[in-house]
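To start, the structure itself, in structure tokens.
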Amino acid sequence: MKKYLLSLFAIIMPLLTFAQELTTSEKIDANFKSWTGWFVDAIFYEIPFSESFQIPWVLIVLMGGAIYFTIYFKLINITGFVTAFKVVSGKYEDIEKHGADTLYGDVTPNEGENIIETIRDDSADGEVSHFQALTAALSATVGLGNIAGVAVALSIGGPGATFWMILAGFLGMASKFAECTLGVKYRDVGEDGTVYGGPMYYLSKGLKEKGAGGLGKVLAVLFAIFVIGGSFGGGNMFQANQAAAQFVKLFELTGGNAGMYFGIGMAAIVAVVIIGGIKRIASVTEKIVPFMAGIYVLAALVILAANFTLIDDAFALIYNGAFSGLGIAGGLIGVMIQGIRRGAFSNEAGVGSAAIAHSAVRTKYPASEGIVALLEPFVDTVIICTMTALVIIITNFDGGFMEYGVEIKEGVELTAIAFDSVIPHFSIVLTIAVILFAFSSMISWSYYGMQGWKYLFGRGKVTDLVYKVLFLIFVVIGASISLGAVINFSDAMIFAMVVPNIIGVIFLTPVVRRELNKYMTAIKTKKEAIDSGADDINKHM
């Protein structure tokens, strides 16, 4: 294994050296595109339904899966919403620690099954709390997509795209619930308590239970390859590149090496965090994500409050635009595609990446984390993306800085103009937010890629070190040069994860339903016991 990994490292290193020695990135970009263009074109191929509009097939798979899960689990997006907040707050910590039958006389046979016994302290199986798992997963999705992507979607699809974006986030909640429940159900726990989880494990172990072990193994390997590629590109190089660009612009730095120096500094900070594994990653993201998201949402609320008389006009524009499509390329279908694309691509529901972070949670009942995970698309898309859209639409009434139906390229700059129009110099805060969101995305994706790497190459210190070194090298490269084709390829790798993941989750939906029924029965047992006079053990923990 060591020889194999060292050989792989020896092959990659000359390529990295070559990339750094080039005075321009156009040559390597063109070469890379010639090698990988077929894969990118295949993943983002748009099915032509008519001459006027086309729909990416991967978007059909994502939304088709989301609609199926929403129906199959009887609107878990709504019925599980309040429960999710209760779980995150620790209301059911006691039954997750010991089981409802042990504490409250549950007569259901869940104790006899082979479910990992976990408790919420450092000695338990599982490495992070519900809140930490949620913020770790959110850190990988909240960021440039919310700040820049929404502006781009509005420029192409108009205000009506916001409605379809919200719908995509709502439906995506069911996808997150299903895949994250499976992530906990089929995870592995090492002798030292380290958790190994994600689609690789529920594809291989879950489909084997269904008599499709060969298919499950193939899908698991494909997913692992895709998640590694995605972690180096979209989860790393793209984030480093955008953060470096914003940093250089903020401080008006000159010279060709500014990006490289920023990349070296960023790599050093990332190294300190990722060396500590998921526990340290979660401890960082649980601080960064709520803080930066809070500031961003607060600023949006200030703008909405200052223009409260225009809020109803904004929603009228959103509603009318959602069902008319006037002035937008592709009409109604064009508006719909842009909104759904932004919503689905922003929260990554159905991609399977979040199941890796959520699998590390400390809980006895897998469905408890699935219910928590459904909050992720709600926060990412329904709240933050919608806030961004409302701010842009309302400030554009008087500002006129955007012409709907005309695509823009610089989404961050347009969003900054919208915020600056009401809160002077907020663009500085926005730039810092972009850098911090990029950093948090990088450390979360390093964990995702590491799990895929370990699944393929085994678990060990040398395996870990090789991946982490490669990841840090790509941080510097991403911040130093512009590699459009590499980013396109890595994005394609991320969304290629959809195929094996959705196949596996659909196969295993009956398992998810059993786990959901088991957890809801446990909650009901506790409630009935307390109503009958039993003491709430949670108060003594």
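The values are calculated or read from the model by the stated rules, or taken from the named source; none is laboratory data. What you are looking at is a predicted structure, and each value in this text was computed from that prediction instead of being measured. Methodologically, a virtual Cβ is constructed for each residue, glycine included, from the backbone with ideal geometry; neighbour enumeration extends over all protein chains shown. The accessibility values were calculated without ligands, DNA or RNA, using every heavy atom of the protein model including side chains. Shrake-Rupley method; radii C 1.70, N 1.55, O 1.52, S 1.80 Å.
Across region 152-170, what is the total count of residues that are part of a helix (DSSP H, G or I) and either crowded, with 24+ Cβ neighbours inside 10 Å or not aliphatic (A, V, I, L, M) (or both)?
Going through region 152-170 one residue at a time, the tally reaches 12.
For region 177-235, give me each residue that is of a type in the set (D, E, K, R), crowded, with 22+ Cβ neighbours inside 10 Å and part of a loop (DSSP other than H, G, I, E, B).
Passing the criteria: only Arg187.
Can you tell me which of Phe232, Phe170, Phe177, Phe238 is in contact (Cβ under 8 Å) with a residue 12 or more places away in the chain and in contact with a Pro (Cβ under 8 Å, 6 or more places away or on another chain)?
Phe170
Contact list please: Cβ distance under 6 Å, first residue in region 395-409 and exposed (fewer than 14 other Cβ atoms within 10 Å of the Cβ), second residue modelled with pLDDT of 85 or more and β-branched (Val, Ile, Thr), pairs at least six apart or on different chains.
Pairs that qualify, where the first residue is exposed (fewer than 14 other Cβ atoms within 10 Å of the Cβ) and the partner is modelled with pLDDT of 85 or more and β-branched (Val, Ile, Thr): there are none.
For region 514-524, enumerate the residues that are open to solvent by less than 20 Å² (accessible area, probe 1.4 Å) and farther than 12 Å from Thr83 by Cβ.
Glu515
Of all the residues that make up region 370-425, how many are among the hydroxyl-bearing types (Ser, Thr, Tyr) and not in a helix (DSSP H, G or I)?
Adding up the residues that qualify gives 2.
Which pairs do you get when a residue that is charged (D, E, K, R), found in region 348-364, comes within reach of a residue that is modelled with pLDDT of 85 or more and crowded, with 24+ Cβ neighbours inside 10 Å, reach meaning Cβ atoms under 7 angstrom, with the pair 6+ apart or on two chains?
Glu348/Ala354
If a residue has to be open to solvent by 40 Å² or more (accessible area, probe 1.4 Å), over 29 Å from Lys461 (Cα atoms) and of a type in the set (Val, Ile, Thr) to count, how many in region 249-294 make the cut?
Residues flagged as open to solvent by 40 Å² or more (accessible area, probe 1.4 Å), over 29 Å from Lys461 (Cα atoms) and of a type in the set (Val, Ile, Thr) within region 249-294 amount to 1.
Considering only region 295-321, state which residues are over 21 Å from Ala416 (Cβ atoms) and open to solvent by 30 Å² or more (accessible area, probe 1.4 Å).
The answer is Phe308, Thr309, Ile311, Asp312, Asp313, Phe315, Ala316, Leu317, Tyr319, Asn320.
Can you find, within region 461-494, the residue that is most open to solvent (accessible area, probe 1.4 Å) among those that are at pLDDT 85 or above and either at positive phi or not aliphatic (A, V, I, L, M) (or both)?
This residue is Lys461.
Consider region 394-423. How many of its residues are among the aliphatic types (A, V, I, L, M) and closer than 15 Å to Asn146 by Cβ?
Looking only at that region, the number is 4.
Does at least one position in region 502-509 carry a residue that is open to solvent by 10 Å² or more (accessible area, probe 1.4 Å), in contact with a Lys or Arg (Cβ under 9 Å, 6 or more places away or on another chain), within 30 Å of Ser368 (Cα to Cα) and not hydroxyl-bearing (Ser, Thr, Tyr)?
Checking region 502-509: at least one residue is open to solvent by 10 Å² or more (accessible area, probe 1.4 Å), in contact with a Lys or Arg (Cβ under 9 Å, 6 or more places away or on another chain), within 30 Å of Ser368 (Cα to Cα) and not hydroxyl-bearing (Ser, Thr, Tyr).
Identify the residue in region 23-43 that is in a loop (DSSP other than H, G, I, E, B) and open to solvent by 40 Å² or more (accessible area, probe 1.4 Å) and, among all such residues, is modelled with the lowest pLDDT.
Here the residue is Thr23.
Within the bounds of region 350-370, is there any residue that is surrounded by 24 or more Cβ atoms within 10 Å (Cβ to Cβ) and at positive phi?
Yes - at least one qualifying residue is present in region 350-370.
Among the helices (runs of 4 or more DSSP H) confined wholly to region 254-349, which include 3 or more residues that are within 18 Å of the chain's Cα centre (by Cα) and at pLDDT below 85?
In region 254-349, 277-306, 331-347 are the helices (runs of 4 or more DSSP H) which contain 3 or more residues that are within 18 Å of the chain's Cα centre (by Cα) and at pLDDT below 85.
Does Ile417 satisfy the criteria of being more than 30 Å from Thr83 (Cα to Cα) and buried (at least 24 other Cβ atoms within 10 Å of the Cβ)?
Criteria not met by Ile417.
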